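Derivation of every value follows stated rules applied to the coordinates shown; laboratory data play no part. Because the structure is predicted, anything quoted here is derived from the model rather than measured. Every residue, glycine among them, receives a Cβ derived from its backbone with ideal geometry; neighbour counts consider all protein chains shown.
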Amino acid sequence: MAVGEQYDVLFTGGTVIDGTGAPRVRADVAVSGDRIAAVGDLAGAQAARTIDATGRIVSPGFIDAHTHDDNLLLVDPDVSPKTSQGVTTVIAGNCGVSLAPLAPGRPIPPPLDLLGGPADFRFPRFADYVAALDEAPPAANAGLLVGHSALRLDTMEDVDLPAAADEIDAMRERLAEGMEAGALGFSTGLIYGPNQAATTDEVAAVAEVAGAAGGLYVTHMRNEHDGVEEAMEEAFEIGRRAGAGVVISHHKCAGRQNFGRSNDTLALIERTRERQAVGLDVYPYTAGSTVLLPDMVEKAERVIVTWSEPHPEHAGRDLEDVAADLRLELQAAVAALQPAGGIYFMMDEADVRRIIAYPHSMIGSDGLPHDRHPHPRLWGTFPRVLGHYARELGLLTLEDAVRRMTGLSAAQFGLTDRGEVRTGAYADLVMFDAETIADRATFDEPTRPAAGIDVVMVNGAVVYEEGRHTGNRPGRALRR
Ligand code: ZN
Ligand code: CU
């Protein structure tokens, strides 16, 4: 630093975990503008603001590798469920579900309705959505995926059929426009209504456009139950044919008969990584959540209703109790609640731990921000990994846990100069207390903010501090 120069912000006396997995070091961190200006012993340095980090960890801001925050970024620009747990970047557009491109004025079927109502889908080109983020920046950065269900609805006469050649061409054009506008890749949700009828050939043909642009193929696979390995093979084949790196979304082995099967699925990923790029994300819970689907209700051990348009009063209640009150069989109650959402208890804790502990797993919340009674992963995922799984259970070191939510995810999604604390990187930072960091959101009280998060900074500006959002909106739509 030149004589007389002064930093904007200086974190003093803290311990840095840099996001690479390297052991923690005592270091000060200086920020100038939107970048980290220096890391080390900065005793005597001047700064416009000094933050005492004594007894605290300073790490890269967390990257939520799997979100459905496309619309949240516009309607809750504080991105409160995420910034309050230390998240500074979200990857949106997962599971084939993206807010764009989709010409306005059409009905929005499940699961796209997870993002909002018909009025929220108002971006005929992907670039229009990116421009909306540029014009009204949120508090967090956003990396964006183009969803296959959105493309199918926008281009196809009947989404219950495989796409015809001209429809595939139309999807390829729209995806190319999205990649041009900066999208990080292409996502599918092959288990869902508007996406189900797509053949492997169709998906590979569309994904090729993402691969050619250097983007990823990110997939909620066709099957996460009995057919999980065949579904993985399909994802890998699509990645090979498209020339794209594959990310398996929210990896799980659902259904009691599949408990323990992550031994096999992780071995399959490990073998496949020898010949092609494969990554994955995982959330730290044994329950999943999505729209209320008859098939998933059938397979789950317990279901909690998260929202229902005709029956909002049942949000937060067990489906079994709702059915009893309505004097209906389970599936009749499911029908009566539509459109609706649910939390599904369907996984084995040992599988969840094994997948979290796998070195290539990124942490992604898969939170559903518009649900009336959301799955607690929306508000608790990152502190739960750091507090419960790293500190309390010792499943992984704090350094490794931080890596899966920072450096690893930045590398996977190609986010240049993010996910690491080092001179020259963007100043996306979180200061937290390793002794007290914890998730507070539960299945009963799902929107309680996390504990132990002191300061959250995005591109050099503080967005969350002492339990409050500052109102700063320094987030950016990140271009590939
Ligand atoms: Zn999904
Ligand atoms: Cu998802």
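Overall, the chain carries a charge dipole of about 1060 debye about its Cα centre when +1 sits on the Cβ of Lys and Arg and -1 on the Cβ of Asp and Glu, all other atoms neutral.
So, with +1 on the Cβ of K and R and -1 on the Cβ of D and E, and no other charges, what is the size of the charge dipole of the stretch 287-345 about its Cα centre, to the nearest 20 debye? Could you put the intermediate results ahead of the total?
Numbers: 4 positive and 10 negative charges, 17 e Å.
Taking the Cα centre of the stretch 287-345 as origin, the dipole is about 80 debye.
With +1 on each Lys and Arg Cβ and -1 on each Asp and Glu Cβ, how big is the dipole of the stretch 205-292 about its Cα centre, in debye rounded to the nearest 20? All intermediate terms of the calculation are to be shown ahead of the outcome.
Values: 9 positive and 12 negative charges, 25 e Å.
Here the stretch 205-292 has a charge dipole of around 120 debye.
Normalised by the number of residues in the chain, the mean separation of alpha-carbon contacts (under 8 Å, six or more apart) gives a relative contact order of 21 percent.
Sequence gap at least 6, Cα distance under 8 Å: using those rules, report the relative contact order of the stretch 398-475 to the nearest whole percent. Don't skip to the end; give the middle numbers.
Details: 107 pairs, mean separation 15.1, N = 78.
Computed over the stretch 398-475, the figure is 19 percent.
Taking label positions 7 Å along the Cα-Cβ direction at both Gln331 and Asp52, the computed distance is 6.4 nm, reported to one decimal.
For His250, what is the net charge nearby, where nearby means another residue's Cβ is under 9 Å from its Cβ and Lys, Arg count +1, Asp, Glu -1?
Values: positive: Lys252; negative: Glu224, Asp281, Asp366.
Summing Lys/Arg as +1 and Asp/Glu as -1 gives -2.
Think of the chain as having a plus end and a minus end, set by charges on the Cβ of Lys, Arg, Asp and Glu; of Ala323, Val39, Leu115, Val39 sits farthest toward the positive end of this dipole.
Would the stretch 287-345 count as rounded, prolate or oblate if I go by the C-alpha gyration tensor, calling it rounded below 1.5 in a/c and otherwise prolate when a/b exceeds b/c, oblate otherwise?
Working: a/c = 1.44, a/b = 1.20, b/c = 1.20.
It comes out rounded by the Cα gyration axes.
Simple rule: put +1 on each Lys or Arg Cβ and -1 on each Asp or Glu Cβ in the chain, find the dipole, and look at Leu292, Ser409, Ala92; the Cα lying farthest toward the positive end is Ser409. Here the relative contact order of the stretch 128-270, from alpha carbon pairs under 8 Å that lie six or more residues apart, stands at 20 percent.
Based on DSSP H segments of at least four residues, each scored -39500 (n - 2.57), the chain has a per-residue ellipticity at 222 nm of -8000 deg cm²/dmol. The chymotrypsin sites (Phe, Trp or Tyr not before Pro) of the stretch 425-480 include none that DSSP puts in a loop with a beta carbon having at most 14 other beta carbons within 10 Å. Considering only Ala53, Tyr283, Ala131, the residue lying farthest towards the positive end of the dipole of the chain is Ala53, judged by Cα position with unit charges set on Cβ.
Lys and Arg at +1, Asp and Glu at -1: add these up for the other residues within a Cβ distance under 12 Å of Ala132 and post the number. Could the numbers behind the result be given before it?
Values: positive: Arg122, Arg125; negative: Asp70, Asp120, Asp128, Asp134, Glu135.
After counting each charged neighbour, the total is -3.
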